[in-house]
Amino acid sequence: MPTVDLNADMGESFGPWKMGDDAALLQIISSANIACGGHAGDADVMSATMTLARDNGVGIGAHPGFMDLAGFGRNRMSVPRATLQNQVRYQVAASVGMARSLGTSVRHLKLHGALANMASEDEVLARDLYEAALSVAPDLIVMVLAATAQQDAVQSLGCKWAGEIFADRAYNDDATLVDRSKPGAVIHDAALAGARMVKMVKAGAILTEGGKTIPAAIDTICLHGDTPEAVDIARAVKSSLQEAGIALKSFEGHRD
């Protein structure tokens, strides 16, 4: 039976401000990308989210982004490269240390928001960021936006990686994500999200808004925990995949 992983970005609450329904999502997904305090999250939220992930048997990932709480990490920023690498190290180290204190571990890495989008367009940037993360935790599996410069970077590094597609985002013809400012960039219809994921997994390809088919390594499917319909989308994607004979299973990563 074919398999695929289902992941969600989470741990993005901050202090008394709540974002998303992480507890519900963690009963559906197989991997969690947990904010490290850069774009969202704090020490208490990270601890609580990791504890829930551990108790639900969900794989834990570090989810670093720009140090941009006000913009939720979705503003493109110009940061000196060495500083940006240190900010990634700082966030990954916090994630790894918190997980260890809870008797669990961080399995994978996924960049967040604008930082991820910039790395999907720039192989040198992606490589620099991944090298920074791997300098803290060398055994991390790097989750990449499939068929983009992020994938080129991990393949040149020779590290373990997993290819990701998005259930709740539309695609440009170069496999990057349609900018959130454009109509239709974010998909809110759970049924539509489920159906398109089945099509992409079966095709082994990204299907773009322009009608292009881009062959891709699809190891995991992402949805955003901050989307109001996140839980409904997660359930719809999971049930659609299962009805199509595709089982949910955590990715193991590969090198090629």
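Data overview
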read-out: Residue in region 208-229 that is open to solvent by 40 Å² or more (accessible area, probe 1.4 Å), out of contact with any Gly (no Cβ under 8 Å at 6 or more places or on another chain), farther than 27 Å from ALA149 by Cβ and modelled with pLDDT of 95 or more present; value: no
read-out: Residue within region 162-178 that is over 19 Å from ALA119 (Cα atoms), touching a residue at least 24 places away in the same chain (Cβ under 8 Å) and more than 17 Å from the chain's Cα centre (by Cα) present; value: no
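Yes or no, residue by residue, for (1) among the acidic types (Asp, Glu); (2) in contact (Cβ under 8 Å) with a residue 40 or more places away in the chain; (3) open to solvent by less than 10 Å² (accessible area, probe 1.4 Å):
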| site | (1), (2), (3) |
| --- | --- |
| PRO2 | no, yes, no |
| ALA8 | no, yes, yes |
| MET19 | no, yes, no |
| ALA23 | no, no, no |
| SER30 | no, yes, no |
| VAL45 | no, no, no |
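Every residue, every condition in (1) over 12 Å from VAL136 (Cβ atoms); (2) β-branched (Val, Ile, Thr); (3) touching a Cys at 6+ places or on another chain (Cβ under 9 Å); (4) modelled with pLDDT of 95 or more, yes or no:
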{"residue": "VAL79", "(1), (2), (3), (4)": "yes, yes, no, yes"}
{"residue": "ALA82", "(1), (2), (3), (4)": "yes, no, no, yes"}
{"residue": "TYR90", "(1), (2), (3), (4)": "no, no, yes, yes"}
{"residue": "GLY97", "(1), (2), (3), (4)": "no, no, no, yes"}
{"residue": "SER101", "(1), (2), (3), (4)": "yes, no, no, yes"}
{"residue": "VAL106", "(1), (2), (3), (4)": "no, yes, no, yes"}
{"residue": "ALA116", "(1), (2), (3), (4)": "yes, no, no, yes"}
{"residue": "ALA119", "(1), (2), (3), (4)": "yes, no, no, yes"}
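Here is a yes/no grid of residues against (1) open to solvent by less than 10 Å² (accessible area, probe 1.4 Å); (2) in contact (Cβ under 8 Å) with a residue 12 or more places away in the chain; (3) more than 16 Å from SER31 (Cβ to Cβ); (4) of a type outside the set (Phe, Trp, Tyr):
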| residue | (1), (2), (3), (4) |
| --- | --- |
| ALA99 | yes, yes, no, yes |
| LEU102 | no, yes, yes, yes |
| ARG107 | no, yes, no, yes |
| GLU121 | no, yes, yes, yes |
| LEU129 | yes, yes, yes, yes |
| LEU134 | no, yes, yes, yes |
| ALA147 | no, yes, yes, yes |
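The values are calculated or read from the model by the stated rules, or taken from the named source; none is laboratory data. As the structure is a prediction and not an experimental result, all values here were calculated from the model. Methodologically, a virtual Cβ is constructed for each residue, glycine included, from the backbone with ideal geometry; neighbour enumeration extends over all protein chains shown. Keep in mind that these areas ignore ligands, DNA and RNA; they rest on the heavy atoms of the full protein, side chains included. Shrake-Rupley method; radii C 1.70, N 1.55, O 1.52, S 1.80 Å.
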